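Asker: Next up is a structure, given as structure tokens.
Please treat every number below as a calculation from the coordinates, not as lab data. Quick caveat: nothing in here was measured; it's all calculated off a predicted structure. Here the Cβ positions follow ideal geometry from the backbone for every residue, glycine too, while neighbour counts run over all protein chains shown.
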Amino acid sequence: MAHKLVLVVRTDLGMGRGKIAAQVAHAAVTAVLAAQGAQDAQRGSDFRAWLLEGQPKVVLRAGSAAELSQIADAARAAGLAAEIIRDAGRTQLAPGTLTCCAVGPAENSRVDAVTGGLALL
């Protein structure tokens, strides 16, 4: 059973490549830290398997804050971890701007049930 971490980035903000990379890194780090501290046995098992499999990651796109929030809500409703990132406002964006989210790490089919219809970044 394969596992992955999906990172979903808003494409409507006009972020530069470096800004996108930083926001995706924030989401990945936040997801890993949350998974490490999770008390839920399933999350812990998924995290360990994901680590052993080489930490696969996929970066996808969302077209708006509303879409990104819907993805995170759907992930949580499906029992998946979802970490939302809001920008600090030091460079290109206003403070608190919703930029991306991480879903997982979890088993591929569970993540795909929520994010499978999204396009690659």
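Asker: Using 7 Å Cα-to-Cβ label points, what is the Ala119/Ser45 separation (nm, one decimal)?
Answerer: So the label points at Ala119 and Ser45 sit 3.7 nm apart.
Asker: Still on this structure: At a Förster distance of 22 Å, what's the computed FRET efficiency of Ala65 paired with Val29, Cβ-Cβ distance as r, to 0.05?
Answerer: For R0 = 22 Å, the calculated efficiency reads 0.55.
Asker: Okay, next question. Using a simple charge model, +1 on the beta-carbon of Lys and Arg, -1 on the beta-carbon of Asp and Glu, nothing else, what dipole does the chain show about its Cα centre, in debye to the nearest 20? Please report the intermediate quantities before stating the final value.
Answerer: Working: 12 positive and 10 negative charges, 65 e Å.
My answer is approximately 320 debye.
Asker: Report the Cα centroid-to-centroid distance between the range 4-36 and the range 45-92 in angstrom, as an integer.
Answerer: One Cα centre to the other: 7 Å.
Asker: Under 13 Å from a point placed 7 Å out from the Cα of Ala74 along the Cα-to-Cβ direction: which residues of the range 1-19 have their backbone N that close?
Answerer: Under 13 Å, as judged by backbone N against the label point of Ala74, lie 8 of the range 1-19.
Asker: Length gain on complete extension for the stretch Ala38 to Asp112, per 0.36 nm per residue less the alpha carbon to alpha carbon distance?
Answerer: Details: separation 74, 0.36 × 74 = 26.64 nm, distance 2.15 nm.
Stretched out fully, the Ala38 to Asp112 stretch lengthens by 24.5 nm.
Asker: Once Rg and Dmax of the Cα atoms in Å is worked out from the coordinates, which option in (i) 13.6, 41; (ii) 16.6, 51; (iii) 18.8, 67 does it equal?
Answerer: Identified label for the calculated read-out: (i).
Asker: For the chain, with the dipole built from +1 on Lys and Arg beta-carbon atoms and -1 on Asp and Glu ones, taken about the Cα centre, which of Leu93, Leu121, Gln55 lies farthest toward the positive end?
Answerer: Positive-end residue among those listed: Leu93.
Asker: Also: What does the charge dipole of the range 1-66 about its Cα centre add up to, to the nearest 20 debye, if the Cβ of each Lys and Arg holds +1 and the Cβ of each Asp and Glu holds -1? The partial results should precede the final answer.
Answerer: On the way: 8 positive and 4 negative charges, 46 e Å.
Around 220 debye, computed over the range 1-66.
Asker: Under the rule of -39500 (n - 2.57) per DSSP H run of 4 or more residues, summed and divided by the residues of the chain, what mean residue ellipticity at 222 nm is obtained, to the nearest 500 deg cm²/dmol?
Answerer: -14500 deg cm²/dmol
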